[in-house]
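Data first, discussion second: the structure below is written as structure tokens.
The values are calculated or read from the model by the stated rules, or taken from the named source; none is laboratory data. All figures in this text were calculated on a predicted structure; none of them were measured in a lab. Methodologically, a virtual Cβ is constructed for each residue, glycine included, from the backbone with ideal geometry; neighbour enumeration extends over all protein chains shown.
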Amino acid sequence: MDIQRSGDTNPSSRLFAARQVLGEAVQARAFPGCAYGVLMDGEILTQGARGRFTYDDDATLVEPSTVFDIASITKVAVTTALAMLLYQRGQLELDTAVADILPGFIVGRPRAELARYVKLRHLLAHSSGLPGYVPLYRTARTPEEMLRACLQIPLEAEPGARAEYSDPGFILLGKAIEVIAGKKLHALFSEEIAGPLRMASSAFRPALAERELIPPTEEDTTLRHRRIQGEVQDENAWRLHGVAGHAGLFSNVADLLRFSKEILTALRSGRGLIFERETVELFAQRQGPDGSSRALGWDTPSENSSSGNRFSTRSIGHLGYSGCSLWIDLDAAIAVALLTNRTWPDRKDQQIRAVRPAFHDAVRNGLR
């Protein structure tokens with residue numbers, strides 16, 4: 001099913017190759033189903049969907065409006081967006097030490113002398129020296145235990161010396177934002193981002209009645225021992241009761257394109273509903289160390305990027321472990337959202353790595 005912008009000459013034929021990439025991916029079992037959308041010239045050009053919730057013949061069909069677990073896209077749509085807003089208001093300083101906001105980051109921790117130099121900027125740029133992933137959920141049982149354990153994770157490098165994509169870093173960033181704003185992350189997102197931008201389908205912790213309307217991500221055989229559907233797949237986020245700076249948001253294509261439109265509007269007009277041009281430009285700049293593609297919160301295209309070969313160097317985006325992606329070309333004023341549940345029924349299949357760049361290249365070739 002496809003929904004197209006009125007007035008466009010023939011978006012269906014222009015994006016035939018992109019739709020074909022996704023159809024073939026479903027046939028190859030790269031994922032059971034997907035939803036996608038393209039924003040161009042400030043309007044949603046097209047939205048579409050392929051496949052079903054699972055590989056069963058009678059499974060629910062994915063619709064263009066279907067809500068997915070967007071995993072680490074939470075890092076930009078929630079945590080980075082809130083950091084941008086607080087920075088813009090003068091409430092968040094990028095060079096504030098993490099320990100000034102979260103004192104437990106240095107109290108009693110190994111290599112405390114290094115931890116004193118970790119700044120909020122480092123957390124956003126994934127250059128804090130924290131490791132990429134730690135299965136805190138295996139020993140921590142409550143959100144409080146999770147936070148204490150995260151605060152004490154040993155640094156593996158000096159702050160700013162290397163870039164390593166870090167979930168713990170964004171867990172801490174989410175908590176720091178809560179402390180700065182004096183409000184919980186899910187409430188901040190709802191009031192400051194989702195509400196003004198009319199992202200009505202985006203939220204943490206979907207209601208029980210809504211869960212069957214969301215494609216499942218996994219048959220969990222190791223921790224929860226049940227089908228994961230309508231609750232966050234990421235185990236650390238689950239231990240944090242479904243609300244975390246690194247994962248936990250559920251959203252759909254239309255909402256992510258509304259978010260993208262706000263970014264592009266701020267750039268074009270100087271100010272959108274919530275963001276200003278200077279803020280977007282600052283957070284879109286690569287931060288280093290040399291060789292890193294990371295901006296502040298956002299990723300940028302690099303060699304073998306999931307964005308393919310047609311997005312400009314002035315593009316920002318992010319991936320989600322569940323198979324989702326969002327890429328925004330700041331020069332061309334084009335945004336592309338792709339949502340899938342590629343981890344169904346388990347996490348083994350890696351075809352998404354080839355599907356994403358092929359899909360993005362086909363979209364951009366069709367829009368030329």
Quickly run through the stretch 62-76 and pick out the residues that are of a type in the set (Asp, Glu), farther than 28 Å from Phe170 by Cα and crowded, with 24+ Cβ neighbours inside 10 Å.
none
Restricting to the stretch 296-309, name every residue that is surrounded by fewer than 20 Cβ atoms within 10 Å (Cβ to Cβ) and at negative phi.
Ser302, Glu303, Ser305, Asn309
Given (1) part of a helix (DSSP H, G or I); (2) in contact (Cβ under 8 Å) with a residue 12 or more places away in the chain; (3) within 18 Å of Gly160 (Cα to Cα), number of the condition Leu86 does not satisfy:
(3)
Single condition Asp331 does not satisfy, out of (1) among the acidic types (Asp, Glu); (2) buried (at least 19 other Cβ atoms within 10 Å of the Cβ); (3) closer than 18 Å to Glu43 by Cα:
(2)
Selection from the stretch 194-233 of residues touching a Leu at 6+ places or on another chain (Cβ under 8 Å) and over 15 Å from Asn252 (Cα atoms) yields Pro196
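Go through the stretch 39-71 and give me each residue that's of a type in the set (D, E, K, R) and under 22 Å from Glu262 (Cα atoms).
Hits for the stretch 39-71 are Asp41, Glu43, Asp69.
Residue by residue, here is whether (1) out of contact with any Ser or Thr (no Cβ under 8 Å at 6 or more places or on another chain); (2) part of a loop (DSSP other than H, G, I, E, B); (3) among the polar types (S, T, N, Q) holds:
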{"position": "Ile274", "(1), (2), (3)": "yes, yes, no"}
{"position": "Gly291", "(1), (2), (3)": "yes, yes, no"}
{"position": "Leu296", "(1), (2), (3)": "no, yes, no"}
{"position": "Asn304", "(1), (2), (3)": "yes, yes, yes"}
{"position": "Gly308", "(1), (2), (3)": "yes, yes, no"}
{"position": "Ser312", "(1), (2), (3)": "yes, yes, yes"}
Tell me yes or no: at least one residue of the stretch 108-129 is outside any strand (DSSP E or B), at pLDDT 95 or above, under 22 Å from Ala237 (Cβ atoms) and among the aromatic types (Phe, Trp, Tyr).
no
Asp299 - would you say it is under 11 Å from the mean Cα position of the chain (by Cα) and charged (D, E, K, R)?
yes
Among the residues that make up the stretch 157-167, is at least one of them buried (at least 22 other Cβ atoms within 10 Å of the Cβ) and of a type in the set (Phe, Trp, Tyr)?
no
How many residues are closer than 19 Å to Leu256 by Cα and within 18 Å of the chain's Cα centre (by Cα) when one looks only at the stretch 315-356?
26
How about the stretch 314-361: which of its residues are assigned to a loop (DSSP other than H, G, I, E, B) and small (Gly, Ala, Ser)?
Ser322, Gly323, Ala332, Ala333
Six or more apart or on different chains, Cβ atoms under 6 Å: show the pairs whose first residue is in the stretch 92-117 and at positive phi and surrounded by 13 or more Cβ atoms within 10 Å (Cβ to Cβ) and whose second is in a loop (DSSP other than H, G, I, E, B) and hydrophobic (A, V, I, L, M, F, W, C).
Arg111/Leu155
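Here's the yes/no breakdown for (1) assigned to a helix (DSSP H, G or I); (2) in contact (Cβ under 8 Å) with a residue 24 or more places away in the chain; (3) surrounded by fewer than 21 Cβ atoms within 10 Å (Cβ to Cβ):
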{"position": "Gly132", "(1), (2), (3)": "no, yes, yes"}
{"position": "Arg141", "(1), (2), (3)": "no, yes, yes"}
{"position": "Met146", "(1), (2), (3)": "yes, yes, no"}
{"position": "Leu172", "(1), (2), (3)": "yes, yes, no"}
{"position": "Glu192", "(1), (2), (3)": "yes, yes, yes"}
{"position": "Ala209", "(1), (2), (3)": "yes, no, yes"}
{"position": "Pro215", "(1), (2), (3)": "no, yes, no"}
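What about Ala59, is it modelled with pLDDT of 95 or more and crowded, with 23+ Cβ neighbours inside 10 Å?
no
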List pairs: first in the stretch 343-368 and more than 15 Å from Cys324 (Cβ to Cβ) and of a type in the set (Gly, Ala, Ser), second in a helix (DSSP H, G or I) and modelled with pLDDT of 95 or more, Cβ under 8 Å, 6+ apart or cross-chain?
Ala358/Val21; Ala362/Ala17; Ala362/Ala18; Ala362/Gln20; Ala362/Val21; Gly366/Phe16; Gly366/Ala17; Gly366/Ala18
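Looking only at the stretch 1-23, filter to residues that are among the charged types (D, E, K, R) and assigned to a helix (DSSP H, G or I); which one of those is modelled with the lowest pLDDT?
Arg14
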